[in-house]
Amino acid sequence: MTVTEELRSIESANSLRWCEHFRGYPARQRAIPWDDVRLLSERQRRVLLRSLQDFQLGESSEGRNGMARAAAYGNRVGDPHYAEAIRLFFAEENRHAAYLARYLRLSGVEPIGRSWTDFVFRRVRRLAGLETLLTVLLSAELIGEVYYRAVRNATECPALKGVCTQLLADETMHVRFHVERFRMLRKGRSRLQRTAGDLAWRLFFALTRLAVWVKHRKALRLGGRSFRRYWSEAGRGLRLALREINA
């Protein structure tokens, strides 16, 4: 088996394993106490619900552009399972959106249809190829982990805590899913190419972190995240991801 054939075999096996993981979601679903939606304080309602509306919109996506890129990539490298893995990933993201929408409606508010942060993220995702798409998706997952930990800490509502706990468990696996593919995409690149890619990603991540802070700082502060703590926590997630990708 040549080096190219071996890499294709590794990629295909990885994608198949992730397909099996995503299809096994019923066994990974936690019992969310939907009948225990406790009233939020006036400040929590004003801050958290508005912020959650924005994140709910961000979690919802058909992923058509992403699946098209994944299919093209899979055809190019001989990985017939990656497009399906990406489809199942977006299906899980939409389940997250459904959880958040259900919580919002139980709290007396409706999901929203547009947001400037969501608009920018979707536009950037359409700009270039698969690696740019994964950069955006992985950045969103890493920041989302910080955000949902903060929201879980900001409320005593069992239903909302349950939703956040489920999303955090899933997003830990989403990070691993994208990190493993990133490692394959970068295999064989020079140290200079990897360094340049890391620098570009760090710049994008810094801009994204700043945008999320501007939009959601009140919710993050309710969850005990000062700007310094939020910035550090998200940055630590990126450093760990890059360390695994470049290992």
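Some values worked out for this structure:
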read-out: Subset tally (residues that are at pLDDT below 95, open to solvent by less than 60 Å² (accessible area, probe 1.4 Å) and not in a helix (DSSP H, G or I)) for segment 189-247; value: 2
read-out: Options Leu203, Leu185, Leu192, Leu207: the member that is in contact with a helix residue (DSSP H, G or I) (Cβ under 7 Å, 6 or more places away or on another chain) and not aromatic (Phe, Trp, Tyr); value: Leu185
read-out: Segment 117-132: number of residues that are modelled with pLDDT of 65 or more, loosely packed, with under 12 Cβ neighbours inside 10 Å and assigned to a helix (DSSP H, G or I); value: 0
read-out: Test for Ser9: is it small (Gly, Ala, Ser), assigned to a helix (DSSP H, G or I) and modelled with pLDDT of 90 or more; value: no
read-out: Among (1) among the small types (Gly, Ala, Ser); (2) out of contact with any helix residue (DSSP H, G or I) (no Cβ under 8 Å at 6 or more places or on another chain); (3) crowded, with 18+ Cβ neighbours inside 10 Å, the one test that Ala150 misses; value: (2)
read-out: Residues that are within 18 Å of the chain's Cα centre (by Cα) and acidic (Asp, Glu), drawn from segment 54-82; value: Asp54, Glu59, Glu62
read-out: Answer from Arg45, Arg114, Arg64 - the residue that is open to solvent by 40 Å² or more (accessible area, probe 1.4 Å), touching a residue at least 24 places away in the same chain (Cβ under 8 Å), charged (D, E, K, R) and out of contact with any Leu (no Cβ under 8 Å at 6 or more places or on another chain); value: Arg45
read-out: Selection from segment 73-92 of residues that are open to solvent by 10 Å² or more (accessible area, probe 1.4 Å), in contact (Cβ under 8 Å) with a residue 40 or more places away in the chain and either touching a Cys at 6+ places or on another chain (Cβ under 8 Å) or part of a helix (DSSP H, G or I) (or both); value: Val77, His81, Glu84, Leu88, Ala91
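The values are calculated or read from the model by the stated rules, or taken from the named source; none is laboratory data. Please read all numbers here as calculations on a predicted model, not as lab measurements. Glycine gets a Cβ as well: all are built from the backbone with ideal geometry, and neighbour counts include every protein chain shown. Side chains included, ligands, DNA and RNA excluded: accessible areas come from the protein's heavy atoms. Shrake-Rupley method; radii C 1.70, N 1.55, O 1.52, S 1.80 Å.
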